Amino acid sequence: MPLAHLVNVPDINPDFSAPFFGGFQVIVSYVLAAGMLVVLTMLIVAGGSLAFRGAGNERVRSWAGEHILWIFLAAAILGAVSGIFQWFINFDFGF
């Protein structure tokens, strides 16, 4: 006789009702949203400075040329983390 039939194991479900969990969701939601806004702003500035070569500072263009791939990578990673967080936990901005 298999051992699985000898032991009666109840269903176990996680309980997310800890008192700090709601505040933790709000804080993480704010941090992820702020990070996405910062990375999006950096991406717009870098793309704009590379697209319009005549209108802009040379230092901004050189910074954008050196860091555009890192900004894309940061946007992809932050977007993936935000998507996973939203899928599993849901964004909660406290409204």
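The values are calculated or read from the model by the stated rules, or taken from the named source; none is laboratory data. Keep in mind that this is a model prediction, so the values were computed, not measured. Because the Cβ atoms are built from the backbone with ideal geometry, glycine has one as well, and the counts that use them run over all protein chains shown.
Contact map, region 5-29: residues that are of a type in the set (S, T, Y) paired with residues that are loosely packed, with under 10 Cβ neighbours inside 10 Å, Cβ distance under 8 Å, separation 6+ or inter-chain. Pairs shown: S29/F93.
Quick grid of which residues meet (1) in a helix (DSSP H, G or I); (2) hydroxyl-bearing (S, T, Y); (3) at pLDDT 80 or above; (4) within 15 Å of the chain's Cα centre (by Cα):
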position	(1), (2), (3), (4)
V9	no, no, no, no
I12	no, no, yes, no
G22	yes, no, no, no
Q25	yes, no, yes, yes
S29	yes, yes, yes, yes
A33	yes, no, yes, yes
V39	yes, no, yes, yes
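When region 41-89 is filtered for residues that are assigned to a helix (DSSP H, G or I), in contact (Cβ under 8 Å) with a residue 12 or more places away in the chain and within 30 Å of A18 (Cα to Cα), the ones remaining, listed by number, are L78, G79, V81, S82, F85. Applying the condition of being modelled with pLDDT of 85 or more and loosely packed, with under 13 Cβ neighbours inside 10 Å to region 41-58 and asking which residue is farthest from I89 (Cα to Cα) yields I44.
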